[in-house]
Amino acid sequence: MASQDWFEKDFYAILGVPKDADTAAIKKAYRKLAKQYHPDRNADDPSAEQRFKDVGEANAVLSDPQQREEYDAVRSMAGGGARFRAGAGGPAGDAGFEDIFSAFGGGGGGSRVRFSQGGPGGGYAQGGEDINDILAQMFGGAGGAGPRAGGPRGGADPFGGFTSSRGPRPGADVQARTTLAFRDAVEGATVTLSTREGGKVTAKIPAGVRDGQKIRLRGKGAEGDPGAARGDLILTVAVRKHPVFGRSGDDLTVDLPVTFAEAALGATVSVPTLDGTPVRVKVAAGTPSGRVLRLKGRGVQTAKATGDLLAKVQVVVPQRLSDEARHAVETLRDAEGDADPRATLFEQAAT
């Protein structure tokens, strides 16, 4: 497609999408319109056929990231007041868009000039020339006049101060992964990562990081041009499981085994904590298996909050009983009589 067409056609309007539409929105709009204006459904409508072609052209450009950047660059110039007319065979002074730019492309042939707006170095024409320099030459700015404040180079500024900076490009962001022990993820740690070039990067992991969490480490990415900032390191953290502790948000969890006698009669037992200091907790008489005891402030400590330690009671059933113990359990069973702990369960199941 000729660059002149890019000046004249608003592909976003053709597809009916905003200029910041993402790829999915563009694809959805194209499919809908292509189906609506397909020649098979509009055999006797020449305008529908042209509409179908326009929709296809718009999709071809906007769905390609590189072409879309080039198109946006060209359209941004058109929006600033610059207009070019196709002058094939026309009178002098009506030179076409391609003919004008071919004068700056190294000679004849009318090769197409393409543009890029991809980042801080964007806005250059084919061959590395600044598009503003080329436009300044076209409109008399390349003459002997000295530089003017606000203009691209020298002479009059036909675009009202529209310029494109050649500033140093910052470094790119880098993706990486690391695996931490459970304790290091909770308490925070410093890790050393190896780069593809054989270098080393030291990164501080904040306390409380979760499994699968992404951390942005400023200035730890790739180096940019001289004088420009480095990119960031996007670090995905995997956390190993702990044999005793689990995690629920900022709370730590632990299964707390207690004997039948402790659960039935009540007791004060010790609960382990992640820092290694045991804490005494009271188990009330008649505590069932599965009840959760909350220990305040013994969970994950972050910059925003501190969680708790949740101890889940697990009543341990003895695997072997002495004769005396068996007799005691049988006595308990007889004392309970016909009490059925599953009666409520069956009543609820019947509803």
Note to self: Which aspartates and glutamates, if any, have their Cα less than 15 Å from the Cα of LYS312, not counting same-chain residues under 8 positions apart?
What the structure shows: ASP251, ASP255, GLU262
Next item on the list: With θ set to phi - 60°, apply the Karplus curve 6.51 cos²θ - 1.76 cosθ + 1.60 along the range 194-202 and write out the HN-Hα couplings as whole Hz, x wherever there is a Gly or Pro.
Entry: 9, 8, 5, 7, x, x, 10, 10, 9
Next item on the list: Determine the sum of side-chain charges near ALA267: Lys and Arg each +1, Asp and Glu each -1, restricted to other residues whose C-beta is under 11 angstrom from that of ALA267.
Entry: +1
Check: Around ARG169, which amide H atoms from residues at least 5 apart in sequence, or from another chain, sit under 5 Å from its own amide H, with H modelled in the peptide plane?
Finding: ASP225
Item checked: Karplus 3J(HN,Hα) series, Hz, for the range 331-338 with 6.51 cos²θ - 1.76 cosθ + 1.60 (x for Gly, Pro) -> 5, 5, 4, 5, 5, 6, x, 8
Item checked: Simple label model, 7 Å out from Cα along Cβ direction - ALA207 to ASP22, nm -> 3.6
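Can you compute the FRET efficiency between ASP45 and LYS214 using 1/(1 + (r/R0)^6), with r the Cβ-Cβ distance and R0 = 51 Å? Round to the nearest 0.05.
Working: r = 51 Å, r/R0 = 1.00.
The value I calculate is 0.50.
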Next item on the list: Would you pull out the residues with amide H under 5 Å of ARG291's amide H, same chain only if 5 or more places away, H placed 1.01 Å from N?
Entry: VAL313
Margin query: Per residue of the range 219-235, what does 6.51 cos²θ - 1.76 cosθ + 1.60 with θ = phi - 60° give for ³J(HN,Hα)? Whole Hz please, x for Gly and Pro, Karplus curve as stated.
Written below: x, 9, x, 6, 6, x, 5, x, x, 9, 6, 6, x, 9, 9, 9, 9
Item checked: Reach of LYS241 by Cα under 13 Å, taken over aspartates and glutamates that are not fewer than 8 positions away in the same chain -> ASP184, ASP211
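Students often check this: by mean Cβ neighbours within 10 Å, which of 197-207, 176-186 ranks highest, and how do the rest follow?
Details: 197-207: 11.5, 176-186: 17.5.
For the peptides 197-207, 176-186, the packing ranking is 176-186, 197-207.
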Checklist line | Amide hydrogen neighbours beyond the local backbone of ILE215, cut-off 5 Å, H modeled | finding: LEU235, THR236, VAL237
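Where a number appears in this text, it was derived from the coordinates with a stated rule and is not lab data. Given the structure is predicted, the values throughout are model-derived calculations rather than measurements. Cβ sites come from the backbone with ideal geometry, for glycine too, and all protein chains shown count toward neighbours.
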